Amino acid sequence: MRALTWHGRRDVRVDTVPDPRIEQPTDAIVRITSTGVCGSDLHLYEVLGPFLEEGDILGHEPMGVVEETGSGVTSLAVGDRVVVPFNVSCGTCFMCEAGLHSQCETTQVRERGMGAALFGYTKLYGQVPGGQAEYLRVPFADTLPIRVPDGPPDERFVYLSDVLPTAWQAVEYAAIPPGGSVAVLGLGPIGDMCSRIALHRGAGRVIGVDLVPERLERARQHGVDVVDLRDHEADIGDVIRGMTDGRGPDAVIDAVGMEAHGATAAKVAQQLAGMLPGAVGEKVMGRAGVDRMAALLTAVDVVRRGGTISLSGVYGGMTDPLPMMTLFDKQIQLRMGQANVRRWVDDIMPLVSDGDPLGVEGFATHHVRLEDAPWAYQTFQAKADGMVKVLLEP
(Lines give C-alpha, C1' and ligand atoms only; values in the text may rest on other atoms or scores of the structure.)
Protein backbone atom coordinates (compact mmCIF):
# COMPACT_ATOMS: atom_id res chain seq x y z
CA MET A 1 0.00 0.00 0.00
CA ARG A 2 0.95 3.67 -0.18
CA ALA A 3 1.55 5.50 3.09
CA LEU A 4 3.11 8.73 4.33
CA THR A 5 6.33 7.95 6.18
CA TRP A 6 8.79 9.98 8.23
CA HIS A 7 12.39 10.23 7.01
CA GLY A 8 13.79 13.12 9.03
CA ARG A 9 13.15 16.69 10.07
CA ARG A 10 10.88 18.29 7.46
CA ASP A 11 11.20 15.17 5.32
CA VAL A 12 8.07 13.08 4.85
CA ARG A 13 7.48 10.88 1.82
CA VAL A 14 4.77 8.70 0.33
CA ASP A 15 6.26 5.21 0.10
CA THR A 16 5.08 1.74 -0.79
CA VAL A 17 5.00 -0.30 2.42
CA PRO A 18 3.57 -3.72 3.40
CA ASP A 19 -0.19 -3.88 3.80
CA PRO A 20 -1.37 -4.21 7.40
CA ARG A 21 -2.80 -7.56 8.39
CA ILE A 22 -4.97 -9.01 11.11
CA GLU A 23 -2.73 -9.71 14.11
CA GLN A 24 -5.30 -10.34 16.84
CA PRO A 25 -8.82 -11.83 16.65
CA THR A 26 -10.21 -8.45 17.73
CA ASP A 27 -8.55 -6.48 14.89
CA ALA A 28 -10.11 -4.95 11.81
CA ILE A 29 -8.53 -3.65 8.62
CA VAL A 30 -9.98 -0.34 7.44
CA ARG A 31 -9.59 1.04 3.93
CA ILE A 32 -8.98 4.75 4.48
CA THR A 33 -11.15 7.17 2.51
CA SER A 34 -10.19 10.42 4.27
CA THR A 35 -7.50 11.27 6.81
CA GLY A 36 -6.56 14.62 8.32
CA VAL A 37 -3.27 16.38 8.79
CA CYS A 38 -3.23 17.66 12.37
CA GLY A 39 -1.32 20.53 13.91
CA SER A 40 0.20 17.89 16.17
CA ASP A 41 1.63 16.20 13.08
CA LEU A 42 3.68 19.34 12.53
CA HIS A 43 5.43 18.70 15.86
CA LEU A 44 6.64 15.43 14.32
CA TYR A 45 7.65 17.28 11.18
CA GLU A 46 9.63 19.88 13.11
CA VAL A 47 10.77 19.04 16.66
CA LEU A 48 9.91 15.49 17.79
CA GLY A 49 12.17 13.67 15.36
CA PRO A 50 14.26 12.09 18.13
CA PHE A 51 11.24 9.93 19.02
CA LEU A 52 10.64 8.71 15.45
CA GLU A 53 12.35 6.17 13.24
CA GLU A 54 12.75 6.37 9.49
CA GLY A 55 9.77 4.73 7.85
CA ASP A 56 7.26 5.37 10.66
CA ILE A 57 3.77 5.82 9.20
CA LEU A 58 2.18 9.06 10.33
CA GLY A 59 -1.41 10.20 10.85
CA HIS A 60 -4.10 9.88 13.50
CA GLU A 61 -7.30 11.34 12.01
CA PRO A 62 -8.64 8.60 9.70
CA MET A 63 -11.97 7.23 8.58
CA GLY A 64 -12.91 4.64 6.02
CA VAL A 65 -14.61 1.33 5.29
CA VAL A 66 -14.04 -1.99 7.04
CA GLU A 67 -12.32 -4.40 4.65
CA GLU A 68 -11.62 -7.34 6.95
CA THR A 69 -12.34 -8.37 10.54
CA GLY A 70 -10.70 -10.80 12.93
CA SER A 71 -12.47 -13.94 14.10
CA GLY A 72 -13.34 -12.38 17.45
CA VAL A 73 -15.05 -9.25 16.11
CA THR A 74 -18.83 -9.29 16.59
CA SER A 75 -20.06 -5.69 16.26
CA LEU A 76 -18.45 -4.67 12.96
CA ALA A 77 -18.88 -6.16 9.51
CA VAL A 78 -17.10 -5.77 6.21
CA GLY A 79 -18.49 -2.71 4.48
CA ASP A 80 -19.24 -0.73 7.66
CA ARG A 81 -18.22 2.91 7.54
CA VAL A 82 -16.15 3.96 10.56
CA VAL A 83 -14.14 6.77 12.08
CA VAL A 84 -11.04 5.74 14.02
CA PRO A 85 -10.24 7.71 17.23
CA PHE A 86 -6.62 8.72 17.64
CA ASN A 87 -6.40 7.07 21.09
CA VAL A 88 -5.73 3.35 20.87
CA SER A 89 -8.07 2.48 23.72
CA CYS A 90 -9.66 -0.82 24.71
CA GLY A 91 -12.93 0.63 25.99
CA THR A 92 -13.21 -1.83 28.88
CA CYS A 93 -10.42 -1.14 31.41
CA PHE A 94 -10.78 0.99 34.56
CA MET A 95 -9.58 4.16 32.82
CA CYS A 96 -11.74 3.72 29.73
CA GLU A 97 -14.83 3.04 31.83
CA ALA A 98 -14.03 6.24 33.74
CA GLY A 99 -14.03 8.15 30.45
CA LEU A 100 -10.25 8.55 30.42
CA HIS A 101 -9.54 6.77 27.15
CA SER A 102 -6.26 8.63 26.68
CA GLN A 103 -5.05 6.82 29.82
CA CYS A 104 -6.19 3.34 28.73
CA GLU A 105 -4.52 0.80 31.00
CA THR A 106 -4.44 -1.83 28.27
CA THR A 107 -2.33 0.27 25.90
CA GLN A 108 -0.40 2.54 28.27
CA VAL A 109 3.20 2.85 27.08
CA ARG A 110 4.60 1.94 30.48
CA GLU A 111 8.23 1.64 29.40
CA ARG A 112 8.06 5.35 28.59
CA GLY A 113 5.87 6.33 31.52
CA MET A 114 3.21 7.54 29.10
CA GLY A 115 -0.53 7.15 28.68
CA ALA A 116 -2.48 5.27 26.02
CA ALA A 117 -0.90 4.47 22.68
CA LEU A 118 -1.77 6.75 19.77
CA PHE A 119 -1.94 6.05 16.08
CA GLY A 120 0.99 7.46 14.13
CA TYR A 121 2.63 9.33 16.97
CA THR A 122 6.21 8.42 17.96
CA LYS A 123 7.85 5.88 20.24
CA LEU A 124 6.52 7.85 23.20
CA TYR A 125 3.04 6.63 22.32
CA GLY A 126 3.69 3.10 21.16
CA GLN A 127 4.99 3.64 17.61
CA VAL A 128 1.66 2.39 16.21
CA PRO A 129 1.42 2.73 12.38
CA GLY A 130 -0.78 5.69 11.52
CA GLY A 131 -3.69 6.46 9.25
CA GLN A 132 -2.18 8.62 6.51
CA ALA A 133 -2.20 5.52 4.37
CA GLU A 134 -4.42 3.42 2.16
CA TYR A 135 -5.15 0.88 4.92
CA LEU A 136 -4.98 0.79 8.72
CA ARG A 137 -5.01 -2.04 11.24
CA VAL A 138 -7.44 -1.10 13.99
CA PRO A 139 -7.31 -3.06 17.28
CA PHE A 140 -10.28 -3.41 19.65
CA ALA A 141 -12.62 -3.36 16.67
CA ASP A 142 -15.70 -3.99 18.81
CA THR A 143 -15.11 -0.95 21.05
CA LEU A 144 -12.76 1.53 19.35
CA PRO A 145 -14.09 2.49 15.88
CA ILE A 146 -17.07 4.82 15.63
CA ARG A 147 -19.73 3.56 13.21
CA VAL A 148 -21.24 6.31 11.08
CA PRO A 149 -24.05 6.17 8.52
CA ASP A 150 -23.61 5.95 4.78
CA GLY A 151 -24.61 8.93 2.70
CA PRO A 152 -23.19 12.21 4.04
CA PRO A 153 -19.68 13.13 2.88
CA ASP A 154 -16.63 12.08 4.90
CA GLU A 155 -16.12 15.64 6.08
CA ARG A 156 -19.31 15.38 8.12
CA PHE A 157 -17.73 12.67 10.30
CA VAL A 158 -13.94 12.54 9.92
CA TYR A 159 -13.33 15.16 12.61
CA LEU A 160 -14.76 12.76 15.21
CA SER A 161 -11.29 11.18 15.11
CA ASP A 162 -9.63 14.16 16.81
CA VAL A 163 -10.66 17.75 16.02
CA LEU A 164 -14.18 17.63 17.44
CA PRO A 165 -13.50 15.67 20.66
CA THR A 166 -10.27 17.59 21.30
CA ALA A 167 -12.06 20.91 20.94
CA TRP A 168 -15.11 19.68 22.88
CA GLN A 169 -12.94 18.54 25.78
CA ALA A 170 -11.01 21.82 25.74
CA VAL A 171 -14.27 23.76 26.09
CA GLU A 172 -15.58 21.35 28.74
CA TYR A 173 -12.37 21.73 30.74
CA ALA A 174 -12.52 25.52 30.36
CA ALA A 175 -15.72 25.56 32.46
CA ILE A 176 -17.04 28.75 30.84
CA PRO A 177 -20.02 29.97 32.85
CA PRO A 178 -23.30 30.49 30.94
CA GLY A 179 -22.99 33.76 29.06
CA GLY A 180 -19.35 34.03 30.14
CA SER A 181 -16.23 34.88 28.22
CA VAL A 182 -13.35 32.82 26.86
CA ALA A 183 -10.17 33.73 25.01
CA VAL A 184 -8.89 31.16 22.53
CA LEU A 185 -5.17 31.43 21.82
CA GLY A 186 -4.45 30.07 18.36
CA LEU A 187 -7.06 29.74 15.63
CA GLY A 188 -5.73 26.73 13.79
CA PRO A 189 -8.10 23.77 13.39
CA ILE A 190 -8.48 23.08 17.12
CA GLY A 191 -8.72 26.71 18.21
CA ASP A 192 -11.19 27.48 15.42
CA MET A 193 -13.39 24.55 16.43
CA CYS A 194 -13.06 25.46 20.13
CA SER A 195 -14.44 28.87 19.28
CA ARG A 196 -17.41 27.43 17.42
CA ILE A 197 -18.19 24.93 20.16
CA ALA A 198 -17.90 27.56 22.91
CA LEU A 199 -20.43 29.77 21.14
CA HIS A 200 -22.70 26.80 20.46
CA ARG A 201 -22.60 25.84 24.14
CA GLY A 202 -23.59 29.29 25.36
CA ALA A 203 -20.50 31.42 25.81
CA GLY A 204 -21.43 35.07 25.72
CA ARG A 205 -18.18 36.22 24.17
CA VAL A 206 -15.34 34.39 22.43
CA ILE A 207 -12.10 36.26 21.79
CA GLY A 208 -9.77 34.61 19.29
CA VAL A 209 -6.07 35.45 19.01
CA ASP A 210 -3.87 34.60 16.03
CA LEU A 211 -1.51 36.23 13.57
CA VAL A 212 -2.56 34.54 10.32
CA PRO A 213 -5.06 36.69 8.38
CA GLU A 214 -7.00 33.75 6.91
CA ARG A 215 -7.47 32.20 10.34
CA LEU A 216 -8.62 35.46 11.86
CA GLU A 217 -11.15 35.98 9.07
CA ARG A 218 -12.55 32.45 9.38
CA ALA A 219 -13.13 32.98 13.08
CA ARG A 220 -14.63 36.41 12.57
CA GLN A 221 -17.16 34.97 10.15
CA HIS A 222 -18.34 32.60 12.89
CA GLY A 223 -19.00 35.28 15.50
CA VAL A 224 -15.60 35.45 17.20
CA ASP A 225 -14.09 38.76 18.31
CA VAL A 226 -10.61 38.47 16.87
CA VAL A 227 -7.33 40.05 17.97
CA ASP A 228 -4.40 40.16 15.55
CA LEU A 229 -1.26 39.27 17.47
CA ARG A 230 0.85 41.10 14.88
CA ASP A 231 -0.68 44.36 16.07
CA HIS A 232 -0.76 43.60 19.79
CA GLU A 233 2.13 41.29 20.64
CA ALA A 234 3.46 43.74 23.23
CA ASP A 235 0.10 44.56 24.85
CA ILE A 236 -2.09 41.52 24.24
CA GLY A 237 -2.97 41.20 27.93
CA ASP A 238 -4.10 44.81 28.20
CA VAL A 239 -6.16 44.50 25.00
CA ILE A 240 -8.04 41.40 26.17
CA ARG A 241 -8.60 42.80 29.65
CA GLY A 242 -9.98 45.90 28.00
CA MET A 243 -12.50 43.69 26.20
CA THR A 244 -13.59 41.98 29.44
CA ASP A 245 -14.37 44.76 31.94
CA GLY A 246 -10.74 45.09 32.90
CA ARG A 247 -10.51 41.74 34.69
CA GLY A 248 -9.81 39.23 31.91
CA PRO A 249 -11.96 36.42 30.49
CA ASP A 250 -13.52 33.72 32.65
CA ALA A 251 -11.46 31.12 30.80
CA VAL A 252 -8.58 30.83 28.37
CA ILE A 253 -8.02 27.94 25.97
CA ASP A 254 -4.42 27.48 24.85
CA ALA A 255 -4.73 25.80 21.45
CA VAL A 256 -1.11 26.50 20.48
CA GLY A 257 1.24 24.39 22.57
CA MET A 258 4.94 23.76 22.30
CA GLU A 259 5.67 25.72 19.12
CA ALA A 260 4.20 29.08 20.08
CA HIS A 261 5.17 32.22 18.20
CA GLY A 262 8.03 34.05 19.90
CA ALA A 263 10.33 32.47 22.54
CA THR A 264 13.36 32.53 20.25
CA ALA A 265 15.72 30.79 22.67
CA ALA A 266 13.33 27.87 23.19
CA LYS A 267 12.80 27.62 19.42
CA VAL A 268 16.55 27.31 18.86
CA ALA A 269 16.82 24.69 21.63
CA GLN A 270 14.01 22.65 20.05
CA GLN A 271 15.61 22.81 16.63
CA LEU A 272 19.02 21.81 17.93
CA ALA A 273 17.61 18.83 19.80
CA GLY A 274 15.69 17.81 16.70
CA MET A 275 18.91 17.76 14.68
CA LEU A 276 20.80 15.49 17.09
CA PRO A 277 21.20 11.78 16.32
CA GLY A 278 18.11 9.84 17.38
CA ALA A 279 19.30 8.29 20.64
CA VAL A 280 21.10 11.45 21.74
CA GLY A 281 18.25 13.76 20.76
CA GLU A 282 15.76 11.53 22.54
CA LYS A 283 17.71 11.79 25.79
CA VAL A 284 18.02 15.56 25.46
CA MET A 285 14.32 16.02 24.72
CA GLY A 286 13.24 13.52 27.37
CA ARG A 287 15.33 14.98 30.19
CA ALA A 288 15.89 18.62 29.32
CA GLY A 289 13.29 19.44 26.68
CA VAL A 290 11.81 22.91 26.65
CA ASP A 291 8.69 24.27 25.04
CA ARG A 292 7.99 27.69 23.66
CA MET A 293 5.87 28.92 26.53
CA ALA A 294 4.56 32.19 25.07
CA ALA A 295 0.97 30.99 24.70
CA LEU A 296 0.75 29.46 28.17
CA LEU A 297 2.34 32.50 29.79
CA THR A 298 -0.15 34.69 27.94
CA ALA A 299 -2.99 32.53 29.23
CA VAL A 300 -1.77 32.93 32.81
CA ASP A 301 -1.51 36.67 32.37
CA VAL A 302 -4.84 37.15 30.64
CA VAL A 303 -7.27 34.91 32.53
CA ARG A 304 -9.24 36.60 35.28
CA ARG A 305 -8.56 35.80 38.92
CA GLY A 306 -10.33 32.60 39.85
CA GLY A 307 -10.61 31.67 36.18
CA THR A 308 -9.73 28.50 34.30
CA ILE A 309 -7.03 27.69 31.77
CA SER A 310 -7.64 24.73 29.47
CA LEU A 311 -4.67 23.35 27.55
CA SER A 312 -5.35 21.49 24.31
CA GLY A 313 -2.10 22.39 22.56
CA VAL A 314 0.56 19.69 22.92
CA TYR A 315 3.43 20.31 25.35
CA GLY A 316 6.37 17.97 25.81
CA GLY A 317 9.08 19.79 27.75
CA MET A 318 10.48 18.33 30.95
CA THR A 319 12.11 21.53 32.22
CA ASP A 320 9.50 24.15 31.39
CA PRO A 321 9.44 26.96 33.96
CA LEU A 322 5.96 27.69 35.26
CA PRO A 323 4.96 30.94 37.00
CA MET A 324 3.74 29.11 40.09
CA MET A 325 3.44 32.22 42.24
CA THR A 326 1.09 33.83 39.73
CA LEU A 327 -0.93 30.65 39.23
CA PHE A 328 -1.35 30.35 43.00
CA ASP A 329 -1.98 34.03 43.65
CA LYS A 330 -4.61 34.32 40.91
CA GLN A 331 -6.30 31.11 42.09
CA ILE A 332 -6.20 29.73 38.56
CA GLN A 333 -7.64 26.34 37.75
CA LEU A 334 -5.61 24.44 35.16
CA ARG A 335 -6.89 21.44 33.17
CA MET A 336 -5.22 19.65 30.31
CA GLY A 337 -4.55 16.37 28.56
CA GLN A 338 -4.97 14.35 25.40
CA ALA A 339 -8.61 14.21 24.39
CA ASN A 340 -10.55 11.15 25.54
CA VAL A 341 -12.16 10.69 22.14
CA ARG A 342 -14.69 8.00 22.93
CA ARG A 343 -15.83 9.89 26.06
CA TRP A 344 -17.34 12.70 23.98
CA VAL A 345 -18.73 10.91 20.92
CA ASP A 346 -22.31 10.63 22.21
CA ASP A 347 -22.35 14.37 22.99
CA ILE A 348 -21.01 15.35 19.58
CA MET A 349 -22.71 12.87 17.25
CA PRO A 350 -26.06 14.75 17.11
CA LEU A 351 -24.21 17.85 15.91
CA VAL A 352 -22.83 16.03 12.87
CA SER A 353 -25.84 13.79 12.23
CA ASP A 354 -28.71 16.30 12.43
CA GLY A 355 -27.81 19.49 10.65
CA ASP A 356 -24.37 21.01 10.82
CA PRO A 357 -24.35 23.75 13.47
CA LEU A 358 -20.55 23.67 13.83
CA GLY A 359 -19.89 23.97 10.11
CA VAL A 360 -17.88 20.78 9.70
CA GLU A 361 -18.75 20.54 6.02
CA GLY A 362 -16.41 23.06 4.46
CA PHE A 363 -14.16 23.15 7.53
CA ALA A 364 -11.21 21.85 5.51
CA THR A 365 -9.51 24.45 3.37
CA HIS A 366 -7.68 21.86 1.28
CA HIS A 367 -8.50 18.38 -0.01
CA VAL A 368 -5.44 16.75 -1.55
CA ARG A 369 -4.35 13.34 -2.75
CA LEU A 370 -2.30 11.22 -0.39
CA GLU A 371 0.52 11.46 -2.93
CA ASP A 372 0.62 15.22 -2.34
CA ALA A 373 0.97 14.90 1.43
CA PRO A 374 4.60 16.14 1.52
CA TRP A 375 3.47 19.38 -0.13
CA ALA A 376 0.59 19.65 2.34
CA TYR A 377 2.93 19.29 5.33
CA GLN A 378 5.31 21.90 3.96
CA THR A 379 2.50 24.34 3.20
CA PHE A 380 0.72 23.79 6.52
CA GLN A 381 3.98 24.31 8.42
CA ALA A 382 4.54 27.59 6.54
CA LYS A 383 0.92 28.71 7.14
CA ALA A 384 0.83 29.42 3.41
CA ASP A 385 -1.82 29.22 0.68
CA GLY A 386 -4.58 29.99 3.19
CA MET A 387 -4.20 26.48 4.61
CA VAL A 388 -5.96 25.88 7.91
CA LYS A 389 -7.14 22.27 7.67
CA VAL A 390 -6.07 19.55 5.24
CA LEU A 391 -7.81 16.30 4.38
CA LEU A 392 -5.82 13.68 2.50
CA GLU A 393 -7.71 11.33 0.22
CA PRO A 394 -5.86 8.05 -0.43
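The values are calculated or read from the model by the stated rules, or taken from the named source; none is laboratory data. The structure presented is a predicted model; accordingly, all values stated were derived computationally and were not measured. Positions of Cβ are generated from backbone atoms using ideal geometry, with glycine treated the same way; all protein chains shown enter the neighbour counts. Only protein heavy atoms, including side chains, enter the accessible area calculation; ligands, DNA and RNA are left aside. Shrake-Rupley method; radii C 1.70, N 1.55, O 1.52, S 1.80 Å.
Screening region 103-221 for helices (runs of 4 or more DSSP H) wholly inside it with 2 or more residues that are open to solvent by less than 10 Å² (accessible area, probe 1.4 Å) and either closer than 26 Å to V47 by Cα or touching a residue at least 40 places away in the same chain (Cβ under 8 Å) (or both) returns the ranges 163-174, 189-200. Of the residues making up region 76-91, not a single one is open to solvent by 10 Å² or more (accessible area, probe 1.4 Å) and part of a helix (DSSP H, G or I). For region 327-344, the candidate set comprises residues that are assigned to a helix (DSSP H, G or I) and over 18 Å from the mean Cα position of the chain (by Cα); within that set, the residue that is nearest to I309 (Cα to Cα) is L327. The sole residue among S102, S89, S71 that is of a type in the set (S, T, Y) and in contact with a Lys or Arg (Cβ under 8 Å, 6 or more places away or on another chain) is S89.
Which of the residues spanning region 346-367 are open to solvent by 10 Å² or more (accessible area, probe 1.4 Å), in a helix (DSSP H, G or I) and of a type outside the set (D, E, K, R)? Correct list: M349, P350, L351, S353.
Which residues, counting only those in region 1-53, are β-branched (V, I, T), outside any strand (DSSP E or B) and open to solvent by less than 20 Å² (accessible area, probe 1.4 Å)? If you could, list the steps in order and put the result at the bottom.
Initial filter on region 1-53 (β-branched (V, I, T)): 5, 12, 14, 16-17, 22, 26, 29-30, 32-33, 35, 37, 47.
Those left that are additionally outside any strand (DSSP E or B): 17, 22, 26, 47.
Of everything in region 1-53, just one residue is β-branched (V, I, T), outside any strand (DSSP E or B) and open to solvent by less than 20 Å² (accessible area, probe 1.4 Å), namely V47.
Do we have L391 as within 17 Å of the chain's Cα centre (by Cα) and hydrophobic (A, V, I, L, M, F, W, C) here? Here the answer is yes, as L391 does meet what is asked. Taking the conditions exactly as written (part of a helix (DSSP H, G or I), of a type in the set (D, E) and farther than 22 Å from M258 by Cα), does E371 satisfy them or not? Taking the combined requirement at face value, the residue satisfies it.
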